[in-house]
Every structure is written in structure tokens, then in C-alpha cells.
Amino acid sequence: MPSSRKSKKNSMWNIEGIIFVIIALYILFSVFSYSRRQSLRFYEVGEGSLVREKQYTGLILREEKSYSAKESGYVHFSVADGRRVSKGGELYFIDETGNLEKYLQEHPELLGEFTQQQIEDIRLRLQDFAGSFQNNQFTGLYSLQGSLQNTLLFNTEEGENTVQKALSQLGISYTVMNAEDAGIVSYTIDGYEDFQKEKLTSEILQNAQSSVNYAQNGIRVEAGNPLYKIITSSQWEILFPLDEGDAKKMENTTTVNIHFPVNSMDLQGNFSLYRGEDGKIYGDIKLDDYLDYFLDSRFVTFSMQEKEESGLKIPISSVVNKDFYIVPKEFLMQGPDKSSGFYRQKTDGSREFLPTDIYMTDDQYCYLKIETNPSVQDIQSGNVLVKESGNASFVVGPRKALEGVYDINRGYAIFHPIQVIEKNDDYLIVDSHSKNGISVYDHIVLQGNMVTDGQIIY
């Protein structure tokens, strides 16, 4: 009797122990599954588009002409940089003796305060500069400094009359100089004012630099030295290099869309091709608007929108490569039951038909899944495939990787091949009609390399 009671007690203990172990394993599995689920993130597939762009550096040309100082002396401008001037209109003053410069420094109150229009102009110039400044390009900084210093000598007509009266009483004289042409005045001169596009070479664009002279209020200038330039038309153009391949693609292009990253501006221009002095092909984009945004620029970086592709948009991090057996399409047959598959040659020389799921086909091959634990009914490496009749054969073994993603709609990972139409550094546009492909609203693994085919997610 005591022995029977002890055996019964041990039996109950074993059952309780087994139940405890099962519960513990279940808890561990649940914790692991939950932590795994938390680390996996998904992306919901949607429709989208990508624009293919290529970046270039080009040379800006305008209808412009530079003019030299007529006399030596200290210069003061009466038309602000970037403003329009009429032909023969008052443009600047030359103080030959320096007496005017000295008097103005001693009596700054005679110049008056900035007008509201001038204050607004300065604010806009500072905003444009802040949006386009780059650490490795200081040309714009010097240009801004010169532009802000080139405020009007007399801020108002009343101020002009007051100063002229005071100077007359003191016997201080200065010479008024007039503009030699009508247009936009600029005090930035870089030597490209008279450049002809037929003289363009790749060396000029590779250096992409110019020696810039900034004329500023109060400086002394010598007669005959470049002082200002007049831009006589609102039209301007950008010249940039093209390789033979791009030139061939664009030989029938007449308009292009371009993007300037420094100020996030998009423009459309007329496009044409021509050959430079070095015999190379260059693109020429003619523009009619926003010349004033680029008055101080000679070389500019821009991207050109070549093509826009639409389809299903997915993150590039979701994409993985998966190997498949490849079998020539000529061996794909129809079986007795009208299903698709392959005839496999048996060891005795006879043939058996194996219905087979085809992942996808292209112009040459059928792609077959590589089973981890194949059954006797699965195509596997070393199998000899034959046609229904004839002596042609193919030994299964060659593989090819397909790009694809894992969807988790059913709670486990299923690989779907994709056909890429366009891509950038972050996203792909894929065909929405590819066989076994993905569809809108599918949930795909965001980091595709974190799962394997068939892995349970939920």
C-alpha cells in the first residue's frame, strides 16, 4: 500500500511538472514572438511616381555689356544693384578730390534714413541669400556685401537737394555720370560679359570659376577700369556639357524642366544642342523669366528632369534577392490533366509528368522555387527534364536571383518578385501587373533581410 501511494504521488508530480514546462515554454515563445513582431515593421504599398533627374553644372550667358569708369576718383552710385536704369539716366557720381567722400563721412545725417522700399529690398536680398548660400561657394557672400553697400547716395529727392545745396556752399564738386544703355544695372563684373557660346570648352566648365570684381560705394576707381554692366534683355541661357549618349536621347527634345537646388526653383526652358570650340556637344537652355535671381551667378548647378515613371512605390530597404532554378521555357509542357509542368526522366528511362508552380517567366526561362525539403514530386537539382517526345534534355541546377519583397498579409512571409521601372536612393517604382507581384495596400516587410520565405510573423 505505501508503495502504491508513493507511485501515485510521483505520477501526479510528473504531470504537474510537464504542465509547468509547457506553460513556461509557451510564455517564452510568446515573449519571443512579441519581441520579434515589435522589431519587424511593415510598409503599406501605394501608388506613386519618381522623376529621373541628372545633375549638371552650366555657364550662364545674358545679353550684357560692361562699361569702364570715365574718370578717376571716388564713386557713389545713384541706382541700386539689380535695378533698371534708362539710357542716359543718372547712374553714379565721381568725386575726383575725395572731398565729397570725406564730407559725407563727417555728416552721415545728410544721407537720410532708408526708405520703406529700400528696407524691403534689403530684406528680400537677405532672404534670397539665406536660402541659397553654400559653405563652399563664397562668391554669393561677396556679391551680397557689395549689393548692400551699393545703396543710393541720396535716399530721397529732398535728401539729394539738401546735400547738393550744402556741397555747393562749400565749393565741393563732383561729376554726374549717366548710363550708356538701358537695362538692369549690376556692379558685379567677371569677364564673361562678352563671352560667345561657340568658344565654350569642357575645361571652362570643369573649373567653373571666374575672377569677380565688385564695385562698391566709396571706393576709388581708375579711369578705364571696369565699373558696371548693363543687362539689356530678360532672356538668358545656360550652357552645359552632354555625353554622346545623353545627346542622342535629347536630339529631338525642344523643352526641358530644370530644378535649381540652391533656391528650390523649378523652371521650363527651350532646349537645343550645339558643338563648342573643342568639338564636344553641349546643351543650351534658353529661359525668359527670373533673371534677377541669378544676376550675381555665372556658373550654376541644376538638375534636369528626364522622365517620370508611375507604378507601385516601395522603399528600397524592402527589396531582397532570392534564388530560383531556371529552366528553358521550351521544356514547359501541358500534362494529361491540362496542368502546366515538366516531364522528368526516371532512372529506368521512362518519363513522368510533374505539375509545377511557376513563379514567373521571361523571354527565355521559367523560374522555379527551390524547396528546402523537397518531396518526390518537387523539381530538384540534378533532375533531368525532357520533352514529351524527342531526345532534348536539361539538367536542373542553374540558378538566378530575382528581386522581390516579402508580404505578410497572411501572417507569414511570402516572397513576391518585382519588376523595377525606376528607382532613386530611397524608393523603387515597380510594375503593378507582374505575375505573382504585389498590389496596392499589401503589407510588405520594411527590412526585407530580416525574414525568410514562409517565416511566421503573427
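The values are calculated or read from the model by the stated rules, or taken from the named source; none is laboratory data. For clarity, every value in this text was computed on a predicted model and none was experimentally measured. All Cβ positions, even for glycine, are placed from backbone atoms using ideal geometry, and neighbour counts span all protein chains on display. These accessible areas exclude ligands, DNA and RNA; they are computed on the full protein's heavy atoms, side chains included. Shrake-Rupley method; radii C 1.70, N 1.55, O 1.52, S 1.80 Å.
Please work out which residue is farthest from VAL319 (Cα to Cα), limiting yourself to the range 433-447 and to residues that are at pLDDT 90 or above and of a type outside the set (A, V, I, L, M, F, W, C).
Checking each candidate, the answer is TYR441.
Could you list all residues from the range 263-279 that are surrounded by 17 or more Cβ atoms within 10 Å (Cβ to Cβ) and in contact with a helix residue (DSSP H, G or I) (Cβ under 9 Å, 6 or more places away or on another chain)?
Matches in the range 263-279: GLY276 only.
Can you pull out every residue in the range 29-52 that is at pLDDT 75 or above and either open to solvent by 90 Å² or more (accessible area, probe 1.4 Å) or of a type in the set (Ser, Thr, Tyr) (or both)?
If the condition is that a residue be at pLDDT 75 or above and either open to solvent by 90 Å² or more (accessible area, probe 1.4 Å) or of a type in the set (Ser, Thr, Tyr) (or both), then ARG41, PHE42, TYR43, GLU44, GLU47, SER49 are the ones that fit.
Please go through the range 195-217 and pick out each residue that is hydrophobic (A, V, I, L, M, F, W, C) and assigned to a helix (DSSP H, G or I).
ILE204, LEU205
If we scan the range 444-453, do we find a residue that is hydroxyl-bearing (Ser, Thr, Tyr), assigned to a loop (DSSP other than H, G, I, E, B) and surrounded by 16 or more Cβ atoms within 10 Å (Cβ to Cβ)?
no
Could you please let me know if LYS229 is out of contact with any Leu (no Cβ under 8 Å at 6 or more places or on another chain) and surrounded by 16 or more Cβ atoms within 10 Å (Cβ to Cβ)?
yes
Residues that are farther than 30 Å from SER66 by Cβ and touching a Cys at 6+ places or on another chain (Cβ under 6 Å): does the range 353-374 have at least one? Quick ask: steps written out before the conclusion?
Going residue by residue through the range 353-374, those that are farther than 30 Å from SER66 by Cβ are 353-374.
Applying the additional criterion that residues be touching a Cys at 6+ places or on another chain (Cβ under 6 Å) yields 358.
The answer is yes; a qualifying residue exists.
Would the range 59-76 turn up any residue that is modelled with pLDDT under 85, within 30 Å of GLU222 (Cβ to Cβ) and open to solvent by less than 20 Å² (accessible area, probe 1.4 Å)?
Let us first name the residues in the range 59-76 that are modelled with pLDDT under 85, namely 76.
If we keep only those that are within 30 Å of GLU222 (Cβ to Cβ) as well, we get 76.
Then keep just the ones that are open to solvent by less than 20 Å² (accessible area, probe 1.4 Å); that gives 76.
Yes, the range 59-76 contains at least one residue that is modelled with pLDDT under 85, within 30 Å of GLU222 (Cβ to Cβ) and open to solvent by less than 20 Å² (accessible area, probe 1.4 Å).
Looking at TYR290, TYR214, TYR282, which one is out of contact with any Asp or Glu (no Cβ under 8 Å at 6 or more places or on another chain), of a type outside the set (S, T, N, Q) and at pLDDT 95 or above?
Just a single option satisfies the conditions, and that option is TYR282.
Test of understanding: among ILE314, ILE370, which residue is aliphatic (A, V, I, L, M) and within 30 Å of ASN424 (Cβ to Cβ)?
Only one candidate passes the filter, namely ILE314.
I'd like the residue in the range 395-431 that is touching a Leu at 6+ places or on another chain (Cβ under 6 Å) and open to solvent by less than 40 Å² (accessible area, probe 1.4 Å) and, out of all such residues, is nearest to PHE342 (Cα to Cα).
PRO417
Given the options GLU371, GLU403, GLU388, name the one that is at pLDDT below 95, over 16 Å from ILE326 (Cβ atoms) and of a type in the set (Asp, Glu).
Every option except GLU388 fails the conditions.
Given the structure, is THR175 modelled with pLDDT under 90 and either buried (at least 18 other Cβ atoms within 10 Å of the Cβ) or touching a helix residue (DSSP H, G or I) at 6+ places or on another chain (Cβ under 6 Å) (or both)? Outline the logic, then answer.
Details: modelled with pLDDT under 90: yes; either buried (at least 18 other Cβ atoms within 10 Å of the Cβ) or touching a helix residue (DSSP H, G or I) at 6+ places or on another chain (Cβ under 6 Å) (or both): no.
No.
Cβ contacts < 9 Å: first residue open to solvent by less than 30 Å² (accessible area, probe 1.4 Å), restricted to the range 319-341; second residue aromatic (Phe, Trp, Tyr) and part of a loop (DSSP other than H, G, I, E, B), any location; separation 6+ or different chain. Result?
As it stands, the answer is PHE324/TYR359, since those pairs meet every condition given.
So is SER310 modelled with pLDDT under 95, open to solvent by 20 Å² or more (accessible area, probe 1.4 Å) and of a type in the set (S, T, N, Q) or not?
yes
Quick check, is ILE456 of a type in the set (Val, Ile, Thr) and crowded, with 16+ Cβ neighbours inside 10 Å?
no
Count, please, the residues in the range 383-417 that happen to be hydroxyl-bearing (Ser, Thr, Tyr) and in contact with a Gly (Cβ under 8 Å, 6 or more places away or on another chain).
Final tally of qualifying residues: 2.
Go through (1) farther than 29 Å from GLU53 by Cβ; (2) surrounded by fewer than 16 Cβ atoms within 10 Å (Cβ to Cβ) one by one and return the number of the condition VAL221 breaks.
(2)
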